[in-house]
Amino acid sequence: MSMNVPVSSINSIASSIKTDPQVFRWFFYALSQTNIRSELVKNRDIRELYDGLEKNSKLYVLVFSALVLVLFTAYSAKIYFLTLSAPVLVYFLFKIDRRRKDTLSKISIPMLLSHFEEAALKQKTLYQICEYYAQKYSIASLVDFNLRADLFPHKIIIMFTRGCPANEGLF
């Protein structure tokens, strides 16, 4: 008697996109690829979702930049009352981020269902699914993408600390 226990499902992947930052980043990266996007935007509803995702992503960058600017100005110019706007900006960041994640998961579902039957999808892990897309579209897999993203800050730190005289002999 073989046990065909479902490994994943459409709902679990959509939930992972909304709750796991690494999964969100990879799907955002994958769905931003021209060849994947061009396949999906043939559907008018998905094109509208893409437009909303793009708008919310730009808005997210704008609000985040405003938050950084407000905090930098408040502390550098000692105008501390400006920090009172920070909680409002953070609130909007969370709302915009939630919309981005919801929209991205709505775009991802048709993409997944166009390449996998739901029964076949249930027998694959998220990593196997992402590896399939990596090979099909010549993009980084979930593991590779997140490894690069996680190593990037470390590379920056090493790059800036190598030239520091206090770190002579460390590298």
Q: Scan around Asp20 for amide H atoms under 5 Å from its own, H built in the peptide plane at 1.01 Å from N, and keep only partners 5 or more places away or cross-chain.
A: none
Q) For Arg25 and Tyr80, what does the FRET efficiency come to when R0 = 41 Å and r is the distance between their Cβ atoms, rounded to the nearest 0.05? A) 0.75
**Q.** Contour excess over end-to-end distance, with Cα ends at Val143 and Ala119 and 0.36 nm allotted per residue
**A.** 6.2 nm
Q: Calculate, axis by axis, the spread of Cα positions in segment 1-137 along the three principal axes, and write the results as whole Å, longest axis first.
A: 70, 37, 23
**Q.** Å² per residue, accessible surface of segment 1-118 at 1.4 Å
**A.** 63
Q: Sequence neighbours fewer than 8 away in the same chain don't count; with that in mind, list the lysines whose C-alpha is under 20 Å from Lys122.
A: Lys18, Lys106, Lys136
Q) Which aspartates and glutamates have a Cα less than 13 Å from the Cα of Lys55, not counting those fewer than 8 places away in the same chain? A) Asp97
Q.
For Val7, Val23, give me the order by solvent-accessible area with a 1.4 Å probe, most accessible first, ignoring ligands, DNA and RNA.
A. Val7, Val23
(Q) Below 30 Å, Cα to Cα, which lysines can Lys78 reach? Residues fewer than 8 away in the same chain don't count. (A) Lys58, Lys95
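The values are calculated or read from the model by the stated rules, or taken from the named source; none is laboratory data. Note that the structure is predicted; figures quoted are calculated from it, not measured. With ideal geometry, Cβ positions are generated from the backbone for all residues, glycine too; neighbour counts draw on all protein chains shown. SASA here: full protein model, heavy atoms, side chains in, ligands and nucleic acids out. Shrake-Rupley method; radii C 1.70, N 1.55, O 1.52, S 1.80 Å.
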